[in-house]
Amino acid sequence: MKQITIIAVIAGFAALLPLAIGENPYFIGVLISVLMMAALSSAWNILGGYAGQYSFGHAAYFGAGAYTTMILISRFNINPLVSMVAGIIVACIIALITGSIVFRLRGHYFGLASIAVAEIVRLSALNFDFTGGAQGILLSDVSLWGLDLNSKLPFYYGMLLVLVITLGITLNLRTSKTGYYLQAIREDQDAAASLGINLSFYKNKALLISAALTSVLGSLYAVYIRFIDTTAVLDLRLSIEIILTAIIGGVGTLWGPVLGAVLLVPLAEMLRSNVIGDVLVKQGIVSANSGLGVFLKENLAHAHVLVYGIITVLCILYMPKGILGLFRRKK
């Protein structure tokens with residue numbers, strides 16, 4: 001009950017946040033990215049955190065939702081919500097096929113197999129004509145129940161709703177029989193099997209839930225940006241960022257993925273827009289014409305992946321249970 005109250009309070013605060021900061025497109029866009037990554041990482045956490053199955057191919061389910069939605073809207077003028085449901089079905093079919101293959105493997109072999117499946121999906125989207133190939137799919141206009149989808153607010157509240165649903169499912173799952181079985185599988189698969197737990201069934205169940213939630217976010221994102229290609233929605237970097245967000249925040253916890261997204265997404269945005277370099281120059285710490293100033297201006301915008309890597313290494317060395325785990329240990 002305590003966690004439900006916390007989710008409700010935070011969701012209420014987040015719902016009022018756009019009213020407090022005003023409809024600034026830039027800040028709303030950053031908040032949408034935070035909510036989306038928090039939801040994506042939380043969805044991955046169901047499989048990777050609680051079941052211990054580190055999938056490096058979640059971009060496949062994100063892309064399945066995005067491509068299915070865009071194809072149905074652009075080619076057949078299907079309602080976006082119906083297209084989203086279709087995206088869930090496609091993602092779940094891919095998940096079932098994936099689970100029947102990769103769950104026979106364990107450890108790093110499982111991780112490599114999940115990457116291979118995601119690459120198969122990416123290359124298929126890249127070479128099929130109906131997916132737009134390398135050119136992608138551009139959506140000129142879309143409507144839903146009279147909502148102004150040219151505004152970012154509907155997508156902000158859509159991402160927030162999916163995040164709340166994902167947190168609710170996670171909270172219910174981890175205290176249910178399925179959740180206990182998944183945690184037993186994470187700790188020792190052989191011991192779990194000896195107790196009569198059906199490993200394949202519960203792994204696939206976690207994967208289906210995770211894939212369905214991920215595909216919904218892919219659908220929302222596709223309608224939000226109105227253009228997708230394989231680089232935008234099926235890139236391996238997306239899968240890695242999802243995993244790193246959970247690991248840095250605290251994998252296998254309810255709030256770890258959210259905390260990771262709140263910290264990492266704004267940091268990445270500040271690096272991309274060179275806010276950090278501009279602040280250093282304005283404060284007189286670094287001269288704009290100095291070698292360091294020129295270096296920061298030219299290279300800092302591309303350094304977010306490097307920073308992610310450094311933070312990940314530090315977390316592995318000093319905070320193996322993530323930032324949330326560090327706070328719990330101090331208590």
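The simple spin-label model puts a point 7 Å past each Cα toward its Cβ; for Leu195 and Gln183 those points are separated by 1.0 nm. Structure remark: mean-square fluctuation, Gaussian network model of the chain, C-alpha springs under 10 Å; the largest value among Ala116, Ala43, Ala211 belongs to Ala116. Region 177-212 and region 58-116 have their alpha-carbon centroids 21 Å apart. Couplings for region 98-114, taken from phi via the Karplus curve 6.51 cos²θ - 1.76 cosθ + 1.60 with θ = phi - 60°, read 4, x, 5, 9, 7, 6, 6, 9, 9, x, 5, 5, 5, x, 5, 5, 5 Hz in order; Gly and Pro are left as x. The label point for Ile10 and the one for Leu138, both projected 7 Å from the Cα toward the Cβ, are 3.9 nm apart.
Think of each Lys and Arg Cβ as +1 and each Asp and Glu Cβ as -1; about the Cα centre, that makes the dipole of the chain roughly 980 debye.
Each value in this text was obtained by applying a stated rule to the coordinates, not by laboratory testing. Because the structure is a prediction, the values reported are computed rather than measured. We place every Cβ from the backbone using ideal geometry, glycine too, and count neighbours over all the protein chains shown.
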